[in-house]
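Worksheet: one structure, shown below.
Only the coordinates and a few stated rules stand behind these numbers; no lab work does. For clarity, every value in this text was computed on a predicted model and none was experimentally measured. Every residue, glycine among them, receives a Cβ derived from its backbone with ideal geometry; neighbour counts consider all protein chains shown.
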C-alpha cells in the first residue's frame, strides 16, 4: 500500500469524529438482579461497547404465572456503568451505585401518566466505582463499598454519609454482606486478601476474619455465625466467626468466583464464576456441599447476577453479559 503524504487538518478529523455514529451502538451487559418482596425486579447493566461507557437499570413487573416477563415499567439511564443497586423498601424507589463513585436515589410516582423514573438525590463521595451495597436498616441505613477501598454507611433520608471508613482495605472491596439479625454488623471482602467484620458503632474492624491466599471477590452470610466467601482462585470457603482461625474450604471452581447467593430457608447456595456455569448446592451441618443443579447452556456469556424467586423457592433468576435474563428450575 502506498503511503499517503496528505496532511489532514486536525479540525477536520474532529468534525468527522463528532458526526460519526458508527461507534455509538451499545450492548447492555447485565450485572445484577434484585427482586423485591412484591416480585418486582431491578436489573442493572453497564454498556461496555461503543463510544460511551454508560449504564442503567430496568425495573420490571412481577413474573407472570407462565414465567414470561412483562415489559419494563421504565428504564433508568445513567452516564456511568452500575455494578450494584437495590430497592428501598417499596418497588417505586431504588438506590443505584455508579462506576463513577456516585450514589443516586430514583423514585417513580404511581400517579404519573408517563410512569417515569426521576432522580431525587445524588452524591459522589467514593473515589472509585461503587462495587457492592447492602441494607442495614430497611428504608434508613445502607452500606456501600468501593474500588477506592472505602466503606460508607448512608442515611438515605437525606443521602448523607453517616459513617465513613477511609482505607478500610488496602485494595478494592468487592463484597459486603450485612449479618443476619443485626442492624449494625456487616462483613466485607477485598482484593487485599482480607475478610473483615465491622460494627457501625466502632471505627475500626471488630475482627479480621481471615487472611486468604488471594483476593476475595464475594461473600454472603448463611446465618448469623457462618459466612461463605469466594476468591480469585475459584475456592469457595466457609468461616465460623466463633472460631475464625479454622477456615473450611468447601469446593473449588475452574474460574474466579463472582457472586454467591444464599437461600437460608432451604440451606441452598448458588454460585457463579467468571464463566457461564451456574451451580446450586445444598449445605449440610457437617460442612458438606451437595451439588443439586448445574447449567452451562442457558447463558452464552458470563453469569453476573442471581436472585431467588420470592414465591417459588425452587426458582432462581440469573442475568449475564449476554444481555439475557434466565429462569432456572431447581429440582432436587
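Tell me whether region 123-231 comes out rounded, prolate or oblate; compute the Cα gyration tensor, take square roots of the eigenvalues as a ≥ b ≥ c, and use a/c under 1.5 as the rounded threshold.
In terms of gyration-tensor shape, oblate.
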Gain on full stretching of the segment that runs from residue 155 to residue 267 - 0.36 nm per residue minus C-alpha separation: 37.1 nm
Exposure proxy order (Cβ contacts within 10 Å, fewest to most) of 117, 53: 53, 117
Residue-averaged 222 nm ellipticity for the chain, from DSSP H runs of 4+ at -39500 (n - 2.57), nearest 500: -1000 deg cm²/dmol
Rough spin-label spacing in nm, given labels placed 7 Å along Cα→Cβ, for residue 288 and residue 223: 1.9
Anisotropy class of region 224-285 from Cα gyration tensor, a/c 1.5 cut: oblate
Segment residue 52-residue 249, extension gain: residue separation times 0.36 nm, minus the distance between their alpha carbons: 66.8 nm
Residue order, fewest to most surrounding Cβ atoms within 10 angstrom, among 155, 309, 213: 213, 155, 309
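Does region 224-332 come out rounded, prolate or oblate by the C-alpha gyration tensor, with a ≥ b ≥ c the root eigenvalues, rounded set by a/c under 1.5 and, if not, prolate when a/b is larger than b/c and oblate if not? Mind dumping the intermediate values first?
On the way: a/c = 2.13, a/b = 1.41, b/c = 1.51.
Note, shape of region 224-332 comes out oblate.
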Rg/Rh for the chain, where both radii come from Cα atoms and Rh is the Kirkwood radius: 1.01
Computed label-point distance, nm, for sites residue 298 and residue 27 using a 7 Å Cα→Cβ extension: 2.0
Gain upon complete extension [residue 62, residue 127; 0.36 nm per residue less C-alpha separation]: 19.9 nm
Ranking of 185, 61 by count of other Cβ atoms within 10 Å, fewest first: 61, 185
Relative contact order computed over region 86-139 (Cα-Cα under 8 Å; 6+ residues apart), in percent: 36
Nearest 10 degrees, 0 to 90: helix 10-19 Cα axis against the chain principal axis: 60
